[in-house]
Amino acid sequence: MKKLMTIVLAGLMSLSLVACKQKDLNEAVADVNGTKITLGQYEFMLKMNKASVESTIGGAEGWEQKDQSGQTYKDKYKTLVLDQMINTELLAQNAEKEGIKVTDKEIQSSYNDLKTYVNSDEQIKKSAEDLGISDDFLKEQAKLSLLIQKSQEKFYSEEKVSDSEMKKYYDEHIDEYKKDEVEASHILIKTTDDQNKPLPEAEQKKAKEKAEKVLKEVKAGGDFAELAKKYSQDPGSAANGGALGAFGKGMMVKEFEDAAFGMEPGQVSDLVKTDFGYHIIKVTDRIKETTSFDEAKEGIKEEILKNKYGEKIAELQKKAKIEKFDKVIESAEFVEK
């Protein structure tokens with residue numbers, strides 16, 4: 001019995017030691033043509049850009065939200081950052097093959113900017129220290145960035161884009177150069193509560209009666225902006241006389257959009273029912289214009305060059321030997337548990 005207990009305890013201790021094993025920050029998360037990207041470097045890049053992403057996803061709790069594909073923002077971000085690191089290494093390697101040079105002075109200047117940025121944020125600075133990020137690594141990042149920048153500038157200056165290419169792009173994307181917008185104001189009498197839940201039927205009936213009364217005042221020549229300030233229950237526009245500004249198709253609920261785009265400037269709608277309540281809409285302007293090819297040319301050239309540069313990256317990826325190490329990638333953490 002004593003022997004059995006000894007074996008069990010030894011097993012538990014063994015499991016405990018495995019569980020407590022420190023991550024090896026020098027392990028590779030990826031290898032790009034023989035150049036290793038380490039776990040420490042990867043975690044540092046994840047943490048360095050974390051705050052800016054959090055500002056767009058609703059804070060730290062947003063990482064576990066899922067996008068339309070069902071992937072969490074956390075996993076999506078991890079994939080994106082690693083792919084960027086791989087592409088950075090790949091493009092820098094190619095730049096050196098192309099004979100692109102950067103001076104020590106340029107590297108030092110770029111490194112100084114990067115170091116200042118790291119030191120200006122206590123959390124990023126601490127992450128760099130905890131993850132063993134050396135000044136040599138930061139200098140290397142500065143160098144890679146400069147190599148890529150110079151290589152891209154060379155590509156953009158040497159790559160030719162013909163007028164026929166630009167015209168073909170313009171014709172294929174003509175809808176992107178057409179502007180069809182309505183500028184409108186509205187008065188909203190709500191049929192929902194503050195949580196956007198439908199009001200009881202009796203209160204909805206009263207809301208409709210109130211909306212009909214307001215509509216009569218508008219049709220009788222009442223000042224739309226003043227009536228909106230007085231009656232509208234849309235907190236976002238009431239104080240501005242119901243003004244919503246200009247909007248294109250797909251920006252408003254269907255019933256509202258159909259009514260607004262079906263009117264001419266100066267016209268006022270009858271009651272328009274949506275899930276929010278009863279709207280009285282006044283169209284103040286209709287903007288229909290198409291950007292000409294000559295006006296669009298410069299932007300089209302940039303877009304085509306961007307696409308060609310993307311094709312260049314894809315070609316480099318195809319020829320490169322790139323390995324990703326999934327278990328090490330999974331172990332990378334950047335969000336506090």
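Points worth noting:
- When residues of region 53-70 are limited to those that are open to solvent by less than 70 Å² (accessible area, probe 1.4 Å) and either of a type in the set (S, T, N, Q) or not in a helix (DSSP H, G or I) (or both), the one modelled with the highest pLDDT: G70
- Evaluation of F334 against (1) touching a helix residue (DSSP H, G or I) at 6+ places or on another chain (Cβ under 8 Å); (2) of a type in the set (F, W, Y); (3) not in a loop (DSSP other than H, G, I, E, B) (one fails), failing number: (3)
- Here the condition is being assigned to a helix (DSSP H, G or I) and farther than 23 Å from S151 by Cβ; of E96, E43, E106, E89, it holds for E43 alone.
- In region 253-300, the residues that are hydrophobic (A, V, I, L, M, F, W, C), surrounded by 14 or more Cβ atoms within 10 Å (Cβ to Cβ) and more than 23 Å from K210 (Cα to Cα): F261, M263, F293, A296, I300
- Residue check for K154: touching a residue at least 12 places away in the same chain (Cβ under 8 Å) and open to solvent by 70 Å² or more (accessible area, probe 1.4 Å): yes
- Only one of the numbered conditions (1) more than 16 Å from E43 (Cβ to Cβ); (2) among the hydrophobic types (A, V, I, L, M, F, W, C); (3) free of Cβ contacts under 8 Å to residues at least 60 places away in the same chain is not met by L138, and that is (1).
- Remark: N196 falls outside the filter, which requires a residue to be of a type in the set (S, T, N, Q), out of contact with any strand residue (DSSP E or B) (no Cβ under 7 Å at 6 or more places or on another chain), surrounded by 12 or more Cβ atoms within 10 Å (Cβ to Cβ) and more than 30 Å from E295 (Cα to Cα).
- Subset of region 71-84 that is part of a helix (DSSP H, G or I) and open to solvent by 30 Å² or more (accessible area, probe 1.4 Å) - its residue that is farthest from S52 (Cα to Cα): D83
- Among (1) surrounded by 15 or more Cβ atoms within 10 Å (Cβ to Cβ); (2) assigned to a helix (DSSP H, G or I), the one test that D113 misses: (1)
- Meets criteria (of a type outside the set (K, R) and out of contact with any Asp or Glu (no Cβ under 9 Å at 6 or more places or on another chain)) for E295: yes
- Among the residues of region 222-238, those identified as at pLDDT 95 or above and either open to solvent by 50 Å² or more (accessible area, probe 1.4 Å) or not in a loop (DSSP other than H, G, I, E, B) (or both) are D223, F224, A225, E226, L227, A228, K229, K230, Y231, Q233, A238.
- Figure legend. Inter-residue proximity from region 237-265: first residues closer than 22 Å to E176 by Cα, second residues polar (S, T, N, Q), beta-carbon distance below 8 Å, spacing 6+ or different chains. Indicated pairs: V253/T274; A260/S269.
- Hits in region 239-252 - residues which are open to solvent by less than 90 Å² (accessible area, probe 1.4 Å) and in a loop (DSSP other than H, G, I, E, B): G241, G242, G250, M252
The values are calculated or read from the model by the stated rules, or taken from the named source; none is laboratory data. What you see is a predicted model; the values in this text were computed from it and never measured. So basically every Cβ, Gly included, is an ideal-geometry build from the backbone, and we count neighbours across all protein chains shown. When the accessible area is computed, the model is the full protein with side chains, heavy atoms only, and any ligands, DNA or RNA have been set aside. Shrake-Rupley method; radii C 1.70, N 1.55, O 1.52, S 1.80 Å.
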